[in-house]
Amino acid sequence: MFLSRIYYAIAYLIVLIWEIIKATVDMSLRILRAKGIEPVVIDIETDLTRPISQTILANSITLTPGTLSVDLDSENQFIKVAVIAPRDPKDIIPFEPYIKGMLE
């Protein structure tokens, strides 16, 4: 059990760093082209039940360029996220399974 949590923690860090790099490149290209910027606020439902897991997910979203966690509803398992361009909610939280394996 302990070793699987360590595996998920390492995988989470790798995926988070990779997503930050991808988002940085994407944001740089959007800024240089001066198009493709259509800010929206969306609600994302999460499978995480523990408040600490939800908080880490919300902080991970905020660390990724182009996204910002605006509100966290722990009871209903929703995170309100402001994104610079519309995209699929699963593209915004690719690290959720790793947080779930690490903390739940």
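The values are calculated or read from the model by the stated rules, or taken from the named source; none is laboratory data. In this text, all values refer to a predicted model and were calculated from it rather than measured experimentally. Cβ sites come from the backbone with ideal geometry, for glycine too, and all protein chains shown count toward neighbours. Side chains are part of the model used for accessible areas, which takes the heavy atoms of the whole protein and leaves out ligands, DNA and RNA. Shrake-Rupley method; radii C 1.70, N 1.55, O 1.52, S 1.80 Å.
Excluding E38 itself, calculate the net charge of residues whose Cβ lies under 14 Å from the Cβ of E38, where each Lys or Arg counts +1 and each Asp or Glu counts -1. If you can, show how the numbers build up before the last one.
On the way: positive: R30, R33, K35, R87; negative: D26.
Summing Lys/Arg as +1 and Asp/Glu as -1 gives +3.
Excluding P89 itself, what net charge comes from residues whose Cβ is under 11 Å from its Cβ, given Lys and Arg +1 and Asp and Glu -1?
Numbers: positive: R87, K90; negative: D43, E45, D88, D91, E96.
My count for the surroundings of P89 gives -3.
Taking 35 Å as R0, compute the FRET efficiency from the Cβ-Cβ separation of E38 and E104 and round it to 0.05.
On the way: r = 34 Å, r/R0 = 0.97.
Given R0 = 35 Å and the Cβ-Cβ separation, E is 0.55.
Give the residues of the stretch 84-104 whose amide nitrogen is closer than 12 Å to a point set 7 Å from the Cα of L68 in the direction of its Cβ.
Residues passing the 12 Å test: 84.
Which residue, K35, K80, K22, has the most motion in a Gaussian network model of the chain that connects Cα atoms within less than 10 Å?
Greatest mean-square fluctuation among the candidates belongs to K35.
Kindly provide the helix-only [θ] at 222 nm of the chain, computed as the sum of -39,500 (n - 2.57) over DSSP H runs of four or more divided by all residues, to the nearest 500 deg cm²/dmol?
On the way: 4 runs with 57 residues, N = 104.
Only helices count here, giving -17500 deg cm²/dmol.
If you roll a 1.4 angstrom probe over the protein chains with everything in place, what fraction of the accessible area of the chain belongs to carbon and sulfur, to the nearest %?
Numbers: 4090 of 6390 Å².
Here it works out to 64 percent.
Short version: ³J(HN,Hα) in whole Hz for each residue of the stretch 83-100, in order, from phi by Karplus 6.51 cos²θ - 1.76 cosθ + 1.60 (θ = phi - 60°), x for Gly and Pro, what are they?
Once θ is set to phi - 60°, the couplings for the stretch 83-100 become 10, 6, 8, x, 7, 5, x, 5, 6, 7, 10, x, 9, 4, x, 6, 5, 4 Hz.
Just to confirm a number: summing +1 for Lys and Arg and -1 for Asp and Glu over residues other than S60 whose beta-carbon lies under 10 angstrom from that of S60, what do you get? Present the calculation step by step, with values, prior to reporting the outcome.
Numbers: positive: none; negative: E19, E96.
So the surrounding residues net to -2.
Can you run phi through the Karplus equation (6.51, -1.76, 1.60; θ = phi - 60°) for the stretch 24-40 and list ³J(HN,Hα) in whole Hz, with x for Gly and Pro?
5, 5, 4, 5, 4, 5, 5, 5, 5, 7, 6, 8, x, 9, 9, x, 9
Once a ≥ b ≥ c are taken as the square roots of the eigenvalues of the Cα gyration tensor of the stretch 38-99, is the result rounded (a/c under 1.5), prolate (a/b larger than b/c) or oblate (a/b not larger than b/c)? Could you put the intermediate results ahead of the total?
Working: a/c = 1.80, a/b = 1.54, b/c = 1.17.
Because a/c hits 1.5 or more and a/b exceeds b/c, the stretch 38-99 counts as prolate.
From the C-alpha coordinates alone, can you work out the Kirkwood hydrodynamic radius of the chain, in Å? It would help to have the intermediate numbers written out before the result.
Details: mean 1/r = 0.0705 Å⁻¹.
Answer for the chain: a Kirkwood hydrodynamic radius of 14.2 Å.
Could you run the Karplus curve 6.51 cos²θ - 1.76 cosθ + 1.60 with θ = phi - 60° over the stretch 73-78 and give me ³J(HN,Hα) per residue in whole Hz, x for Gly and Pro?
10, 5, 5, 9, 6, 10
List the aspartates and glutamates whose Cα sits under 12 Å from the Cα of K100, skipping any in the same chain fewer than 8 residues away.
D47
Counting only heavy atoms of protein chains, what accessible area per residue, in Å², does the stretch 1-84 have with a probe of 1.4 Å? Show your work: numbers first, answer last.
Working: 5430 Å² over 84 residues.
Value for the stretch 1-84: 65 Å² per residue.
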